[in-house]
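Let me begin by presenting the structure, written as structure tokens, before commenting on it.
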Amino acid sequence: MEKGDNKGNLKKEIEDVLMSNLGSIGFIDSGVGGLTVVKEALKQLPNEKLIYLGDTARCPYGPRPAEQVIQFTWEMTAFLLKKNIKMLVIACNTATAVALDEIRAKVSIPVVGVILPGSRAALKATQKNEVGIIGTVGTVKSQAYQTAILSKSPTTKVISLACPKFVSIVESNESHSPIAKMLVAESLKPLKKENLDTLILGCTHYPLLSPIIQAYMGTEVKLIDSGAETVSEVSTLLDYFGIAAAPQRISLTHEFYTTGSPKMFQDIASDWLQLEKLNIKKVYLSTLSQ
Ligand code: I24
Ligand code: DGL
């Protein structure tokens, strides 16, 4: 082998290492719920290296004041920016609702939230021009979905409903239990009276409840998974900016960071993503606010 060949290989290897970081897509969430978005990304964008940060130590964000959610979201963004990501996805609906504009104004990479993609998909799906949205207290209070939908289609009727108990029912492994069925029926009762044909699942955890939400609302109501819609838009944007990753010669090692217990993160994430050993590290974002 000639000297030059070795040099060429080394250069290629260095380039590969650099590219593998420069080319990552960052995901931030209040905890593990954003893994519903990651699961879609693994399916729709298998060439992309993903870096996920979940603020499990301070989860849930849903009941927190907007100012605090903005602060936490900024801390997560600042952490991922050091990883040289090419795009940032705010996978958490509550964080998107209150912090997207501010984060976008502060960073130079494209920032994608979950609310516009979900709203667009709902407008596409509705025949009756009447859309429902369910989410956390923070998301509903912000009226971010309503604002997004009405800015595109002022005549659309939007009915918002906070379902604060849904997150805890999912997190207590009860998604398929009779208790969950009763809670869903009780909570969604006000929506049944309405004439909507499209319902946005405006929270990372709600896709896990979609079988019982669908059963209660009826098959004529189309459920929109905001996270899945967001990944489709990320795919479009990667092509638009010409920054989509090429097929990889080696298998990708995605990076996962949590502010909580890596062991518990591993248990949930490996079960949910059906991946055995994940690369999970603990991070400390801020010692000031817990
Ligand atoms: N689901 C979520 N969060 C949890 C949970 C869950 N525990 C069981 N299941 N806990 O979100 C949050 C608090 N933890 C997080 C880790 O650190 C410590 C604190 C929904 C996850 C959506 C991907 C139920 C469960 C599971 C495996 C897969 C899916 C799932 F155990 F819903
Ligand atoms: N990730 C949050 C959302 O999508 C749900 C969990 C929480 O309240 O932090 O709104």
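Here are some notes:
- Total formal charge among the other residues, if their Cβ is under 15 angstrom from that of E40, Lys/Arg +1 and Asp/Glu -1: -3
- Gyration tensor over the Cα atoms of the range 134-290: the corresponding equivalent ellipsoid has semi-axes (square roots of 5 times the eigenvalues, largest first) of 31, 23, 17 Å.
- Backbone phi angles across the range 219-232, fed through the Karplus curve with coefficients 6.51, -1.76 and 1.60 (θ = phi - 60°), yield HN-Hα couplings of 5, 6, 9, 8, 8, 10, 8, 4, x, 5, 5, 5, 5, 4 Hz in residue order; Gly and Pro are listed as x.
- Hits among lysines - C-alpha to C-alpha of K181 under 21 Å, sequence gap 8 or more where chains match: K165, K189, K192, K193, K222
- Dimensions of the chain based on its C-alpha atoms, expressed as ranges along the principal axes with the largest first, amount to 77, 38, 34 Å.
- Here the Kirkwood formula, the inverse mean of 1/r across different C-alpha pairs, assigns the range 24-148 a hydrodynamic radius of 14.9 Å.
- Pair-distance profile P(r), taking every C-alpha pair of the range 86-224, with 10 angstrom steps and integer %: 12, 42, 33, 11, 1
- Local electrostatic count, D239, Cβ distance below 15 Å [Lys/Arg +1, Asp/Glu -1]: -1
- Over the chain, Cα pairs under 8 Å with separation of 6+ residues give a relative contact order of 23 percent.
- GNM result for the chain, Cα springs below 10 Å: residue of G242, G118, G202 fluctuating most strongly: G242
- Dimensions in Å of the range 93-162 - Rg and Dmax from alpha carbons: 12.4, 39
- Range in the chain, longest, excluding exposed trypsin sites (Lys or Arg not before Pro) [loop by DSSP; at most 16 other beta-carbon atoms within 10 Å]: 1-81
- Net charge of Cβ neighbours under 13 Å - reference K141; Lys, Arg +1; Asp, Glu -1: 0
- The chain: calculated mean residue ellipticity at 222 nm from DSSP helix runs of at least 4, using -39500 (n - 2.57): -15500 deg cm²/dmol
- Taking the fewest neighbouring Cβ atoms within 10 Å as the starting point, the ordered list for D55, D101, D225, D197 is D101, D197, D225, D55.
- Going by neighbour counts of Cβ atoms within 10 Å, the residues V137, V170 line up, fewest first, as V137, V170.
- Here the Karplus curve 6.51 cos²θ - 1.76 cosθ + 1.60, taken at θ = phi - 60°, turns the phi angles of the range 241-255 into couplings of 7, x, 10, 5, 6, 7, x, 8, 7, 10, 6, 7, 10, 6, 10 Hz, with x standing for Gly and Pro.
All of the numbers you see were taken from the coordinates with simple rules; none came from a lab. Quick caveat: nothing in here was measured; it's all calculated off a predicted structure. Positions of Cβ are backbone-derived with ideal geometry, glycine not excepted, and every protein chain shown enters the neighbour counts.
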